[in-house]
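Take a look at the structure set out below.
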Protein chains: 2
Amino acid sequence: MSKRVLVIGAVALGPKAACRFKRLEPESSVTMIDEADLISYGGCGIPYYISGDVSDARELQSTTFHMIRDPEFFREAKGVDVLTRTRALKIERSSRKVLVKNMISREEYHIEYDKLVLATGSRPRRISLPGEELGNVFTVSGLEEAIRIRDELNKGSVSRAVVIGAGFIGLEMAEGLTDLWGIETTVIEIAPQIMPGFVSSVMARTARRIMEKNGIKFLTGEKVLGIAGQNRVSKVRTDKREIETDLVIMAVGVQPNSELAREAGLKVSETGAVMVDKYLRTSDPDIYSGGDCVEIENLVTGKPGFFPLGSLANRQGRVIGTNLAGGMDTFPGSVGSFVVKVFDHGVAGTGLSLESARKNGFDAMNTFVVQHDKSHFYPEKDLIIMELVFENKTGRVLGLQGISTNGDSLKGRIDSLATMLPRKPTTKELSNLELAYSPPFSSAMDALNNLGNIAENILSGRNQGIGPEEFARLWEDRHNQDVVFLDCRDAENVADLLEKYPDKWQNIANESLEANLRKVPKAETIVLVCNTGGRSYEAQLKLRRHGLENTLNTYGGMRLLKKWGLDI
Amino acid sequence: MSKRVLVIGAVALGPKAACRFKRLEPESSVTMIDEADLISYGGCGIPYYISGDVSDARELQSTTFHMIRDPEFFREAKGVDVLTRTRALKIERSSRKVLVKNMISREEYHIEYDKLVLATGSRPRRISLPGEELGNVFTVSGLEEAIRIRDELNKGSVSRAVVIGAGFIGLEMAEGLTDLWGIETTVIEIAPQIMPGFVSSVMARTARRIMEKNGIKFLTGEKVLGIAGQNRVSKVRTDKREIETDLVIMAVGVQPNSELAREAGLKVSETGAVMVDKYLRTSDPDIYSGGDCVEIENLVTGKPGFFPLGSLANRQGRVIGTNLAGGMDTFPGSVGSFVVKVFDHGVAGTGLSLESARKNGFDAMNTFVVQHDKSHFYPEKDLIIMELVFENKTGRVLGLQGISTNGDSLKGRIDSLATMLPRKPTTKELSNLELAYSPPFSSAMDALNNLGNIAENILSGRNQGIGPEEFARLWEDRHNQDVVFLDCRDAENVADLLEKYPDKWQNIANESLEANLRKVPKAETIVLVCNTGGRSYEAQLKLRRHGLENTLNTYGGMRLLKKWGLDI
């Protein structure tokens, strides 16, 4: 019972669905169309092509065995017919036809289908800036646009660049421009922080400092009003200043390409994404969709979510391929995991950030851990900073974000939680999470276990503390408040601070605290601090036992404060 | 309502339980006793102290902030009284007393308790070899013994060593002796492979080759009969040969120290481990136990399991600490995750190996994936080899083991599955597993997703194949069988093999297979092979479509065959 399958879109999900289906039903025919000339490329690799890490655009189009995935490859190797430079104009559902247009000959004609796959993806969001049509103003919208950017860089005429938008793609592009090309790059973001919505302001600032140390300038909380120049861009104008530049990259997010679906009467959400069920069927059971043009369930909030990510598109493509062949595979949704390279660091996360958790109505709390990824006695190790977001009272884990010089180590912890996240784990489960252990790879009590322990102690009211932002506010306001900072580390770590701030910074090592209770400063608030927040937590318990309830522990300790950038 | 808690054993679980309890109930008193002088050390770090990676034994005893965890530290910092060189002789449950002996003064006396914690750990298994009392014959039984080994190495008189047992500790010790000390090291293992019970023979051989390349000699399937020498060891005698050596390390496994518990009438399993419930209570509700002396549920088999691992001991210690203070925390069991450094590689796993799955009555199957940990177009990347063990028909995932030059990347994948394993995931869930993605950290279709896909194709009967051992058997027997090896890679990868084996090795690239059907060799069995098993799978589907059912795909392809050591 052979059928005709038509796939609109040939970047990530389209090819996966087409090839999987063809493998399952070789007697059926599959046609895949795409408006562009270049197809089936790793779109997430574009920033690394721009940076020069990937030397040739064809590498993004290659199989692991170095064949270019062009129409000929799909025909010969996969038995899939591909029509490039072919635009889908209209889906005629009643007659199961799609009106298409050959963009070279301008000819219009119909392609019939039994099953249709909408793999139309997303496009860069436009903010309709005056001057955005000028030369050297780019978006990151596909491999062909990427080649134009790289060609421009190759000419050697770009010494300054502005990236508009500090989401993942904006940051990756900024790093690409700065790191290998040495271009003076400024990132402008309308939100008050980078990676808004994905990480907390604490993590954002910590990551931003890494990028700043590597030469990138940031202007956050700043709105771009227009782009100016003669033919080519020469200036970007914001609500606060003008910036001279030779190149602009607009990376202010993406929006689903759902016009075809909407015009065909398929259900499209208010946010403009094609709606699908767990089998990735649209409201027409003969039409499947997935990837950047659909919304799927956010498995943490239970609400529809938009996750434009190449990995999800690939996996969804396989599910669609199976279901086109009569299968009933499901794609239940996403917890929103991400990882991004920030120079020599990795930044990764899963689930909700503190802000998004609160926006979604959760009574959310957070805490931090700063710990090595290996046993502390093992010579080679990297620091991992992680922030846990959890629900007050229930202890439900809502999200986890982190930064480390060992992105692989960090990602391992993030992924381990991500696989649990759909079934609503608690901080207690995190405490007991089984992570493979030996000293060259982890601690007996892994950072992730400790994060669970800390959260549990917070929930039980034993560990009462503050993050770096509250610490900094108290520190800056210290002369107006009856506050003392009690350092629980050994004297040799504290000498310079004691000398610099004799009235506000004091020292009793946690281990000798009970023998020195009379030396504990009298103040309305005592902020306890150590290197990581562990010894100061013990100090808090001891002081509470002796009737002192006016202490605040510093989550993540001095290590986090330093990485976050407290100037002390 | 203060109570008296007594903890017997002060290495990993004991201190954790004692300190956690003391933090929760500072008004109660805690006494911890240990037979040894040195306490609270990272026992899993011993091989790295032997190797010299950890320069000073005190580092294994130190906190992250460089304080030595000695009795004084526990008293001052933690409020826990510690008695070292103190042996527990007898638990008198009816009167809630423990008879102890001061090993220096030889004095015997009683310590009373309200709650007791048995943290007696394990000791090296003895095989009662003639000559094991000779000088320079060691076990890995604690920090004091480790210091004796290291002192011996420091003298410079050890140029040859024999390690008996190729479990994790044996391998770690062998690497430590070889890598930095340059000692000619031979590992003798009675089982036919290294790491028996933990990885399949395929993974074992692949790991063994890495160690052999680094100078370690292995004698597997060989039984040690005795140790000879005058005062000091000079020879090890096996059932096959004599080996001259200056040092012997016996690492043939550990056994729980459960004598105290047994004599006190507590429930002890047939295998000699203390039996506990999920709250880590023994059969006496006033006595808790955990760590290396207990058995807990194997969360894959549902049967009792013995998991002597420092990480589990630490986490269990915290649970016991909580429960001593009236909490009801649970420790449900373990899926048996492990990771071990093998020179520049990591070897890790979780759940059951193929052999242990079959021993446990599962109708188990396996397959392999060989893939880079990052996107194939990203310049820096490492190969990951993984073996998935899954149940026939149901597709339930039973275990995963792997080897990679990036142990952190590998461990991340292992841990991600480990967190799912207790709830009996299927290969389909593995296909859709959400792993954070960007090209510098992973592939859009991660190796773990692909492993799920391959398993699913095997279960559905589409991917019919063999692993390296079956391949090698067919290859070695090729002249007696009607078998042809059809290489599905491009001609340039195959030229040398075609020349060397013109009658048995043939080549049609998968991509041109359907145009070259008449060239497909006629044979009773056609073994399809490519670089990783992916193109040869596609070739298998194509040939089946054209009526050829006599093909076998090679899981993991040439890459795995080479790492496994096929001499071709």
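Values quoted throughout were computed directly from the atomic coordinates according to the rules given, and no laboratory measurement underlies them. Not measured: the values here are computed from a predicted model. Positions of Cβ are generated from backbone atoms using ideal geometry, with glycine treated the same way; all protein chains shown enter the neighbour counts.
For the residues B:K78, B:K393, A:K90, B:K101, what sequence is obtained by ranking on other C-beta atoms within 10 Å, fewest first?
B:K393, A:K90, B:K101, B:K78
Taking the dipole about the Cα centre of the protein assembly as shown, with the C-beta of Lys and Arg at +1 and of Asp and Glu at -1, give me whichever of B:V254, A:F331, B:G565 is farthest to the positive side.
Positive-most Cα among the choices belongs to A:F331.
For chain B, find the longest principal axis of its Cα atoms and tell me its angle to the long axis of helix B:310-324, 0 to 90°, nearest 10.
With rounding to tens, the tilt is 50 degrees.
Between copies, how close do the A:E549 label points come, placed 7 Å along Cα→Cβ, listed in nm from shortest?
With the label placed 7 Å along Cα→Cβ, A:E549 yields 8.0 nm.
Assign unit charges at the C-beta atoms only (+1 for Lys and Arg, -1 for Asp and Glu), then state the dipole size of region A:213-283 relative to its Cα centre in Debye, rounded to the nearest 20.
My answer is approximately 220 debye.
Go ahead and estimate [θ] at 222 nm for chain B from helices alone: -39,500 (n - 2.57) per DSSP H run with n ≥ 4, summed, over the residue count, rounded to 500.
Helices in chain B give a 222 nm mean residue ellipticity of -8000 deg cm²/dmol.
Closest approach to the B-A rotation axis by any Cβ of B: residue and distance in angstrom?
Residue plus distance in Å, as requested: B:G412, 1.
Only four residue types carry charge here, +1 at the Cβ of Lys and Arg and -1 at the Cβ of Asp and Glu. Report the dipole size of the protein assembly as shown about the Cα centre in Debye, rounded to the nearest 20.
Rounded to the nearest 20 debye, it is 1760 debye.
Considering only the label points, 7 Å along Cα→Cβ from Cα, what distances in nm to one decimal separate A:R473 from the same position in each other copy, shortest first?
Here A:R473 shows inter-copy label distances of 7.0 nm.
Can you run phi through the Karplus equation (6.51, -1.76, 1.60; θ = phi - 60°) for region B:253-266 and list ³J(HN,Hα) in whole Hz, with x for Gly and Pro?
Per residue, the Karplus-derived 3J(HN,Hα) values read x, 10, 10, x, 7, 10, 4, 4, 5, 4, 5, 7, x, 6 Hz.
Going through the cross-link list A:K411/B:K341; A:K424/B:K374; B:K16/B:K101; A:K217/A:K341; B:K90/B:K115, which pairs have a Cα-Cα distance over 21 Å in this structure?
Result: A:K424/B:K374; B:K16/B:K101 exceed 21 Å.
Return B:S442, B:S141 ranked ascending by Cβ neighbour count within 10 Å, so the fewest neighbours appear first.
Taking fewest neighbouring Cβ atoms as first place, the list is B:S141, B:S442.
Could you list log10 I(q)/I(0) for region A:465-564 at q = 0.17 Å⁻¹, which the Debye formula gives when each Cα is one point scatterer?
-0.67
What is the sum of charges around B:S51, taking Lys and Arg as +1, Asp and Glu as -1, for the other residues whose C-beta is under 11 Å from the C-beta of B:S51?
Charge balance near B:S51 sits at -2.
Skipping prolines and chain starts, which residues have an amide H placed within reach, meaning under 5 Å, of the one on B:R232, given they are 5 or more residues away or on another chain?
Answer set, sorted by chain and number: B:G135.
Given axes a ≥ b ≥ c from the Cα gyration tensor, I'd like to know whether region B:45-154 is rounded (a/c under 1.5), prolate (a/b larger than b/c) or oblate.
Note, shape of region B:45-154 comes out oblate.
Wrap a convex hull around the Cα atoms of chain A, take a quarter of its surface area, and give that in square nanometres.
In nm², the orientation-averaged hull projection of chain A is 29.3.
Across bins of 10 angstrom width beginning at 0, how are the C-alpha pair distances of region A:140-282 distributed, in whole percent?
Distribution as computed: 11, 34, 29, 18, 8, 0 percent.
Which of the GluC sites (Glu not before Pro) across region A:64-169 are loop residues per DSSP, with 11 or fewer other Cβ within 10 Å?
Loop-located and lightly packed - A:E107, A:E133.
Provide Rg and Dmax in Å for region A:1-86, with only Cα atoms included in the calculation.
13.5, 49
For the protein assembly as shown, what is the convex hull volume of the alpha-carbon atoms per residue, in Å³?
188 Å³
Could you give, in nm with one decimal, how far B:E133 is from each other copy of that position, shortest first, with labels 7 Å out from Cα toward Cβ?
Relative to the other copies, B:E133 has label-point distances of 9.8 nm.
Order these by the 10 Å Cβ neighbour count, fewest first: A:E499, A:E222.
With the fewest neighbours first, A:E499, A:E222 line up as A:E499, A:E222.
Taking the Cα centre of chain B as origin and charging only Cβ (+1 Lys, Arg; -1 Asp, Glu), how large is the dipole, in debye to the nearest 20?
With Lys and Arg at +1 and Asp and Glu at -1, about 880 debye.
Quick one: 3J(HN,Hα) in Hz for region A:414-419, Karplus 6.51/-1.76/1.60 with θ = phi - 60°, rounded, Gly and Pro as x.
Using θ = phi - 60°, the values come out as 4, 5, 4, 6, 4, 5 Hz.
Between A:R544 and B:L517, what is the spin-label point distance in nm, taking each point 7 Å from the Cα along the Cα→C-beta axis?
Rounded to a tenth, the inter-label distance reads 7.6 nm.
Mind checking which of B:L225, B:P440, B:A18 is farthest towards the positive end of the protein assembly as shown's charge dipole, using Cβ charges of +1 (Lys, Arg) and -1 (Asp, Glu) about the Cα centre?
Working it through, the farthest residue towards the positive pole turns out to be B:A18.
Positive end of the dipole of region B:112-189, charges at C-beta (+1 Lys, Arg; -1 Asp, Glu), about the Cα centre: which of B:L118, B:T139, B:T178 has its Cα farthest in that direction?
Checked the options; the winner is B:T139.
Once the Cα atoms of helix A:491-500 and of chain A are each reduced to a long axis, what angle between those two axes, in degrees from 0 to 90 to the nearest 10, is obtained?
Taking the Cα atoms of chain A, the angle to A:491-500 is about 90 degrees.
Write out the cysteines belonging to the protein assembly as shown for which the nearest other cysteine Cβ is not under 4.7 Å, or none if no such cysteine exists.
For the protein assembly as shown, the answer is A:C19, A:C44, A:C293, B:C19, B:C44, B:C293, because their Cβ atoms have no other cysteine Cβ under 4.7 Å.
Cα axis of helix B:201-213 to longest principal axis of chain B: angle in degrees, 0 to 90, nearest 10?
Between the helix axis and the principal axis of chain B, the angle is about 80 degrees.
Can you tally the net charge around A:K240? Count Lys and Arg as +1, Asp and Glu as -1, for every other residue whose Cβ sits under 14 Å from the Cβ of A:K240.
+1
Taking every DSSP beta bridge that has both residues in the protein assembly as shown, what percent is antiparallel when rounded to the nearest 5?
Counting only bridges with both partners in the protein assembly as shown, antiparallel ones make up about 55 percent.
Convex hull over the Cα atoms of region A:338-459, averaged projected area in nm²?
7.0 nm²
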